[in-house]
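To start, the structure under review is shown below, and the notes come after it.
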Amino acid sequence: MPATPQQTRRHYLMCEPTFYTVSYEINPWMDSTRYTDAGLAVQQWQVLKDTFEQLGHTVETIDPIPGLPDMVYAANGATIVDGVVYSAKFRYPERQPEGPAYEKWFADHGYVTHTAEQVNEGEGDILGVGDVLLAGTGFRTDRASHDEIAKVTGREVVTLELVDPHYYHLDTALAVLDSTAGREQVAYYPPAFSDASRAELERRYPDAVLATEADAACLGLNAVSDGLNVVVAPGATALAAQLSDRGFRPVPVDTSELLKGGGGAKCCTLEIRPAR
Ligand code: ARG
C-alpha cells in the first residue's frame with residue numbers, strides 16, 4: 001500500500017506571462033493563428049501563484065523578457081537538484097535565449113550553476129523521484145544530456161522514451177505525486193511511452209496511478225504535488241478522483257489560456273530543490 005500523503009514545503013520559481021502569445025509552433029497544441037489573451041494568462045498565472053503561497057510554499061519570480069513568450073513555462077528553465085543548477089539548452093531557436101536568462105537568475109541569486117553542453121529542457125523532461133531522476137527523451141531533450149546530468153548531480157538517471165508528440169515533455173505525461181525516497185508515487189499516461197519505457201515504469205512503480213486519455217488530453221498530468229496537495233487542471237476529473245482515493249487533495253486551478261502554448265500548472269513551475 002502506498003504511504004499516507006504528507007505535505008512538504010516547496011520553493012518555486014515562476015515567470016509572469018506578461019508577453020504571452022503563440023507566435024510560433026513547436027508542439028501540436030500551438031496554433032499561431034488562434035487568438036491568445038495575455039491579460040487572461042496573467043490572471044490565471046496569478047491564481048496559480050497565489051494558490052502555491054496559500055498552501056505555504058515560497059514562490060520567487062524571474063522577470064519576463066519581451067520576445068520570449070514561452071518564458072512563462074519556467075519548468076523548462078533549468079533543473080535544480082540538491083541546490084545545484086543544471087542549465088537548460090533548448091532544442092528550438094525560438095526558446096534558446098531562455099536558457100542563459102534562467103541560468104543568470106540562479107547565478108545572481110548565489111547558486112552554483114553548470115552550463116549544459118547537451119540539449120535539455122529542464123524540469124520539462126527531468127523529474128526527481130526519491131533518489132533517482134526520471135529523464136524524458138524523444139522530442140526535446142537529448143539522451144546525451146541524461147549522462148551529463150547524472151555526472152553533475154551524482155544521481156541515477158532513468159531514461160524514458162516519449163512517443164506521442166502531444167506529450168513531448170515528460171511532465172506532460174507523468175506527474176510526481178510523492179518525491180520522498182521510500183514513499184515514491186507517480187501518475188502517468190501509459191500510451192505516451194515506448195514499450196520498453198512503459199515496462200520500466202511498471203517495474204519501478206507497480207502502484208502508480210494510470211491516467212485516462214481524457215485526463216492526459218487536458219494536460220492533467222502536468223500537475224504540481226507537494227506530497228499532499230496536487231494542483232491539477234480542472235478537466236482531469238478521473239485523475240482527481242483517483243488522487244482523492246489515495247488521500248491526496250486535488251486542487252483544481254484553471255490554466256486554460258496557457259494550454260494554448262502546450263503547458264499547464266507544472267510547466268509554469270520550476271522547483272528549486274535544496275541541498276540535502
Ligand atoms: N510552448 C512551450 C514549448 O513547446 C510549452 C512548454 C511547456 N512546458 C513544459 N514543462 N512541458 O516548448
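Things worth noting here:
- Filtered by the rule that a residue be small (G, A, S) and either at pLDDT below 95 or under 11 Å from the mean Cα position of the chain (by Cα) (or both), the range 137-179 gives A173, A175.
- In the range 71-94, the residues that are under 9 Å from N120 (Cβ atoms) form Cβ pairs under 8 Å with partners that are of a type in the set (S, T, Y) and part of a helix (DSSP H, G or I), at six or more places apart or across chains, as follows: Y86/T153; S87/Y102; A88/Y102; K89/S145.
- Residue-level check: of (1) within 16 Å of the ligand (Cβ to nearest atom); (2) surrounded by fewer than 24 Cβ atoms within 10 Å (Cβ to Cβ), V209 misses just (1).
- When the test is whether a residue is within 29 Å of D63 (Cα to Cα), small (G, A, S) and either surrounded by fewer than 20 Cβ atoms within 10 Å (Cβ to Cβ) or at pLDDT 95 or above (or both), G182 does not pass it.
- G247 meets the conditions (1) in contact with a Leu (Cβ under 9 Å, 6 or more places away or on another chain); (2) in a helix (DSSP H, G or I) in every case but one. The failed one is (2).
- Some residue of the range 227-249 being of a type in the set (S, T, Y) and closer than 25 Å to Y35 by Cβ: no
- Residue count, the range 152-173 (criterion: over 13 Å from G124 (Cβ atoms) and without any contact (Cβ under 8 Å) to a residue 40 or more places away in the chain): 7
- Looking only at the range 250-264, and only at residues there that are assigned to a helix (DSSP H, G or I) and closer than 16 Å to A216 by Cα, the one that is farthest from the ligand (Cβ to nearest atom): S256
- Of everything listed in (1) over 22 Å from F19 (Cα atoms); (2) within 15 Å of the ligand (Cβ to nearest atom); (3) out of contact with any Asp or Glu (no Cβ under 9 Å at 6 or more places or on another chain), the single unmet condition for G67 is (1).
- Restricted to the range 1-97, the set of strands (runs of 3 or more DSSP E) holding at least 2 residues that are surrounded by fewer than 15 Cβ atoms within 10 Å (Cβ to Cβ) comprises 58-61.
- Selection over the range 140-198 of residues that are in a strand (DSSP E or B), under 19 Å from S87 (Cα atoms) and either within 13 Å of the ligand (Cβ to nearest atom) or out of contact with any helix residue (DSSP H, G or I) (no Cβ under 8 Å at 6 or more places or on another chain) (or both) gives a count of 0.
- Verdict on L219 being of a type outside the set (S, T, N, Q) and in contact with a strand residue (DSSP E or B) (Cβ under 9 Å, 6 or more places away or on another chain): no
- Flag if D195 is within 21 Å of R246 (Cβ to Cβ) and not hydroxyl-bearing (S, T, Y): no
- Criterion: closer than 28 Å to E148 by Cα and in contact with a Phe, Trp or Tyr (Cβ under 7 Å, 6 or more places away or on another chain) - qualifying residue of I80, I62: I62
- Here is the figure for the range 8-51: residues that are within 29 Å of S179 (Cβ to Cβ) and within 16 Å of the ligand (Cβ to nearest atom) total 15.
The values are calculated or read from the model by the stated rules, or taken from the named source; none is laboratory data. All figures in this text were calculated on a predicted structure; none of them were measured in a lab. Methodologically, a virtual Cβ is constructed for each residue, glycine included, from the backbone with ideal geometry; neighbour enumeration extends over all protein chains shown.
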